[in-house]
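Contents: one structure, followed by commentary.
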Number of protein chains: 2
Amino acid sequence: MKMGVLGSGMAAQALSARLAELGHDVVIGTPDAEELKGWQSSNQKVMIGSFAETAAHGEMVFNATNGAASLNALRLAGVENLAGKILVDVANPLDFSNGFPPSLTVFGTDSLAEQIQRAFPSTKVVKTLNTVTPRVMTHPLEVANGDHHVFISANDMDAKTQVTELLRSFGWIHIFDLGDLSTARGTEAYLLLWVRLYGTMNTSMINMKIMK
Amino acid sequence: MKMGVLGSGMAAQALSARLAELGHDVVIGTPDAEELKGWQSSNQKVMIGSFAETAAHGEMVFNATNGAASLNALRLAGVENLAGKILVDVANPLDFSNGFPPSLTVFGTDSLAEQIQRAFPSTKVVKTLNTVTPRVMTHPLEVANGDHHVFISANDMDAKTQVTELLRSFGWIHIFDLGDLSTARGTEAYLLLWVRLYGTMNTSMINMKIMK
């Protein structure tokens, strides 16, 4: 499948490499191609494009940009290049303006995922993977042999089904359908607990399992 | 031990009953004693007091009041009645002003626990149990045989140790020391995910386990 991954950070790199490894045709998108040249030398199956080229290439597109800058990045990607497509939003609206630990730029009665959905109404936004570090996103079996949960939130059921299948191809076993896109308020807020777990455990190779 | 439980809702009732069952000398505090008379008829070991009487009675005091009203309730309990004591804060600053699901009245760069600590500087505030429903607070073995985590946040190490022992007496096996009281920002924010889990799973007898 043709995949576009917007972003140049650890999440974008991890997702692009994993998608290429699984046989997808991947373009990673950044306004500054130079910063990815070194990474690409060991990931030669992944092409580098602008935000707009990457979005145009993808049949499915990933938002792995910095959450506080995602809306601007997606506007550069272009409404027309994202129309009718699934946008997998893995970003978190972390606000580091007061240093570490971060707060969030949007919270409680709204979420980054919903902001994106409102700005791109003809795109099918699916929120997932934002509750784990990039390596766990793409290699969930490396934490507790995969015995933990990833959440998925979306308004479009067919989009949710397609992304669920993709998550299974990454190795995810427990995929928790949390409901419509407003439930991303919950998984984005969880980041404020995640950063404290990370701070205490001194590893980002962690996740949670829902018990009942 | 002499225990004071501030509040009259499900959490206050569950904590009071459990503490009395474990042999503690418990007063439950409410401005309106009438509303607890029916409950007390089947919990006769628990005495009813005003907020101030309850705080004065307790060697350890629990804040199980409505989070949005906790600061006012604690002021009625009295700075002098809480001075030098451990205050176990199990409340969440849920904001239902826009209906369900709730937002939070304080978030990100501050927390209810820290607001309370600032208002009562000579009290040792310990945040815990706020990530689970009252029945799970007091009977953790009823979810997955206790195979899940409760968090504890406090600035005072001795207070944290004493509350950890109390949690063990409730049946808690996995008690996660998250750090100082500012880490309550994480567990309070988690409530926004919890309400979505509750909404999807149709039971409140749930919790999370941290996996690595």
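The values are calculated or read from the model by the stated rules, or taken from the named source; none is laboratory data. Keep in mind that what you see is a predicted model, and the values were worked out from it rather than measured. Virtual Cβ from ideal backbone geometry, glycine too; neighbours counted across all protein chains shown. Remember, those area values only see protein heavy atoms, side chains included, never the ligands or the DNA or RNA. Shrake-Rupley method; radii C 1.70, N 1.55, O 1.52, S 1.80 Å.
Here are the criteria: (1) in contact (Cβ under 8 Å) with a residue 24 or more places away in the chain; (2) farther than 25 Å from A:Thr109 by Cα; (3) more than 10 Å from every other protein chain (Cβ to nearest Cβ). Tell me which single one B:Phe151 does not satisfy.
(3)
Can you tell me which residue is most open to solvent (accessible area, probe 1.4 Å) among those in the stretch B:192-212 that are out of contact with any Phe, Trp or Tyr (no Cβ under 8 Å at 6 or more places or on another chain) and more than 8 Å from chain A (Cβ to nearest Cβ)?
The extreme case among them is B:Asn202.
If I ask for residues that are under 16 Å from the mean Cα position of the chain (by Cα) and free of Cβ contacts under 8 Å to residues at least 40 places away in the same chain, which ones from the stretch A:21-54 would you list? Write out each step before concluding.
Initially, the stretch A:21-54 is screened for residues under 16 Å from the mean Cα position of the chain (by Cα), giving A:26-30, A:51, A:54.
The answer is A:Val26, A:Val27, A:Ile28, A:Thr30.
When only residues in the stretch B:178-191 that are more than 7 Å from chain A (Cβ to nearest Cβ) and either in contact with a Phe, Trp or Tyr (Cβ under 7 Å, 6 or more places away or on another chain) or over 26 Å from A:Asp177 (Cα atoms) (or both) count, which is surrounded by the most Cβ atoms within 10 Å (Cβ to Cβ)?
Applying the first criterion (more than 7 Å from chain A (Cβ to nearest Cβ)) to the stretch B:178-191 yields B:180-182, B:184, B:188, B:191.
Still in the list and also either in contact with a Phe, Trp or Tyr (Cβ under 7 Å, 6 or more places away or on another chain) or over 26 Å from A:Asp177 (Cα atoms) (or both): B:180-182, B:184.
Details: B:Asp180: 15, B:Leu181: 23, B:Ser182: 19, B:Ala184: 31.
Checking each candidate, the answer is B:Ala184.
Residues of the stretch B:95-130 being aliphatic (A, V, I, L, M) and more than 10 Å from chain A (Cβ to nearest Cβ), which ones?
B:Val106, B:Leu112, B:Ala113, B:Ile116, B:Ala119, B:Val125, B:Val126, B:Leu129 - these are the residues of the stretch B:95-130 that are aliphatic (A, V, I, L, M) and more than 10 Å from chain A (Cβ to nearest Cβ).
Please go through the stretch A:151-191 and give me each residue that is under 17 Å from the mean Cα position of the chain (by Cα), farther than 23 Å from A:Glu59 by Cα and not small (Gly, Ala, Ser), ordered by number.
A:Phe176, A:Leu178, A:Thr183, A:Arg185, A:Thr187, A:Glu188, A:Tyr190, A:Leu191
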